[in-house]
Each structure stands twice: as structure tokens, then as C-alpha cells.
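No value in this document is a laboratory result; all are computed from the given coordinates. Computed from a prediction, not measured in an experiment: that's the story for all the values here. Every residue, glycine as well, gets a Cβ built from its backbone with ideal geometry; the counts of neighbours run over all protein chains shown.
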Amino acid sequence: EIYAKIDRLKSKAIENGFIFDSSWIIRPLNENETNESVLCDHRELLVIALQLIQEPVPKRIQVVKNLRFVVIVVNEFTKVIAKIEQCDIVVRDANRIHHFYPNGQCSCQGHF
């Protein structure tokens, strides 16, 4: 159910013009993988999808992780999710707090 939600979010993002940047993939893809499936297989995205399933119209989603939030494509995809779902998403990593706004912006302004 979580991966199905991520697939729906990916489809909506692509419909809205989002392009998954495959330059962030540093290993060969397996035959059953796509650029999107590899780039969307990050724990924070799984948590966001789960929270969207549990609360279909959230005002705010919060994620805390003990590592840095360094994959730019995940940051960009999370911006799109916040815009599509019209909710605030807050991701606290080891270095900073990323606040993704419903207008598709992030408080980090591209600083990781």
C-alpha cells in the first residue's frame, strides 16, 4: 500500500512536469528497476507516504531522521509532494530542519 501511494505521487509529480534526475543513480539498474523506483526508495519518502495513507488530508507531516537529507532529487520530489497534497512537510535531519511548504518551496533554499 505504501509503494502504491508512492507510485501515485510519482505519477502526479510527472503529470505536473517533474523530471526524476537519473544522474543521482550511481549503480546500474536491475532489470525490474526504473530511475523513478530507485530514486523514490528512500526512508523519508516511505514515511511520508505512510502518513498520507493514515491521514489522507494532513495539515502537516513530520519526519525525523538521524542522517543528512542530502539527495537533491528527494528534496525536489518532497517539494512537489507538499504542493500536490497542499500540506506542510517537515523533515529534520542531522544538520537542519527542512520545511516544505504547500507552495512547493523548502526552507533550506537548496542548502544541504
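Along segment 4-16 the Karplus relation, 6.51 cos²θ - 1.76 cosθ + 1.60 evaluated at θ = phi - 60°, assigns HN-Hα couplings of 5, 5, 4, 4, 5, 5, 4, 4, 5, 5, 5, 4, 8 Hz to successive residues, with x for each Gly and Pro.
Please find the FRET efficiency linking LEU29 to TYR3, where r is the Cβ-Cβ separation and R0 is fixed at 22 Å, and quote it to the nearest 0.05. It comes to 0.85. The alpha-carbon of LYS79 sits under 17 angstrom from the alpha-carbons of these lysines, leaving out residues fewer than 8 places away in its chain: LYS5, LYS10, LYS12, LYS59. For HIS98, the residues 5 or more places off, or on other chains, whose built amide H falls under 5 Å of its own are VAL91, ARG92, ASP93. Would you please give the FRET efficiency between SER22 and GLU55, computed as 1/(1 + (r/R0)^6) with r the Cβ-Cβ distance and R0 = 30 Å, to the nearest 0.05? The formula returns an efficiency of 0.40 here.
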